[in-house]
1. May I ask you to list pairs of residues, at least six apart or on different chains, whose Cβ atoms are under 9 Å apart, with the first in segment 1-14 being in contact (Cβ under 8 Å) with a residue 40 or more places away in the chain and the second being aromatic (F, W, Y)?
2. Considering only residues that are part of a strand (DSSP E or B) and open to solvent by 40 Å² or more (accessible area, probe 1.4 Å), which ones fall in segment 13-37?
3. Just give me the residues in segment 15-34 being closer than 18 Å to K101 by Cβ and touching a residue at least 40 places away in the same chain (Cβ under 8 Å), in sequence order.
4. On the basis of being under 24 Å from R10 (Cα atoms), modelled with pLDDT under 90 and out of contact with any Cys (no Cβ under 6 Å at 6 or more places or on another chain), does T50 make the cut?
5. For segment 1-10, which positions are under 10 Å from the mean Cα position of the chain (by Cα), assigned to a strand (DSSP E or B) and surrounded by 13 or more Cβ atoms within 10 Å (Cβ to Cβ)?
6. Right, P69: modelled with pLDDT under 95 and closer than 23 Å to T93 by Cβ or not?
7. Which of the residues spanning segment 1-37 are over 14 Å from E61 (Cα atoms) and among the aliphatic types (A, V, I, L, M)?
8. Looking only at residues in segment 38-51 that are in a strand (DSSP E or B) and in contact (Cβ under 8 Å) with a residue 24 or more places away in the chain, which one is surrounded by the fewest Cβ atoms within 10 Å (Cβ to Cβ)?
Amino acid sequence: MYAIVRAGGRQEKVAVDDVLTVDKLAGDVGSTITLQPLLVVDGDDVVSRTADLAGYEVTAEILGAVKGPKINIMHYRNKTGYKRRMGHRQPYTEVKITGIKAGKK
């Protein structure tokens with residue numbers, strides 16, 4: 001069984017015990033969050049209707065905060081001696097999918 005969930009403005013394909021990196025989430029390490037399912041596939045059954053998805057729940061546990069790769073930004077203006085170097089590392093949160101449960105339908 002796997003699901004397509006909305007996580008931080010993106011859609012991610014997840015299954016139980018997958019470790020996923022999403023945009024920074026509020027919460028402590030070890031706390032549980034619920035992700036919004038957009039599609040659930042269980043064998044031959046594919047559920048994509050919003051009314052049917054209301055009965056499904058995708059839970060995840062927060063593993064910790066991580067940072068993305070370093071992005072170097074260089075500003076330069078010709079003939080003026082202007083140079084400026086900046087950098088950025090995007091903060092992310094690592095989560096582990098703990099369950100995809102079908103509730104009431």
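The values are calculated or read from the model by the stated rules, or taken from the named source; none is laboratory data. Keep in mind the model is a prediction, meaning the values are calculated, not measured. Note: ideal-geometry Cβ built from the backbone for every residue, glycine included; neighbour counts use all protein chains shown. Calculation scope for accessible area: heavy atoms of the full protein, side chains included, ligands and nucleic acids excluded. Shrake-Rupley method; radii C 1.70, N 1.55, O 1.52, S 1.80 Å.
1. Within 9 Å, the pairs are A3/Y56; V14/Y2.
2. First pass over segment 13-37, keeping only residues part of a strand (DSSP E or B): 13-15, 19-23, 32-37.
Correct list: K13, V19, T21, D23, T32, T34, Q36.
3. A15, V16, D17, D18, L20, T32, I33
4. Considered against the rule, which asks whether it is under 24 Å from R10 (Cα atoms), modelled with pLDDT under 90 and out of contact with any Cys (no Cβ under 6 Å at 6 or more places or on another chain), T50 comes out as yes.
5. Initial filter on segment 1-10 (under 10 Å from the mean Cα position of the chain (by Cα)): 5-10.
Okay, now just the ones that are also assigned to a strand (DSSP E or B), so 5-7, 10.
Listed by number, the residues that qualify are V5, R6, A7.
6. No.
7. Correct list: M1, A3, I4, V5.
8. Top of the filtered list is D42.
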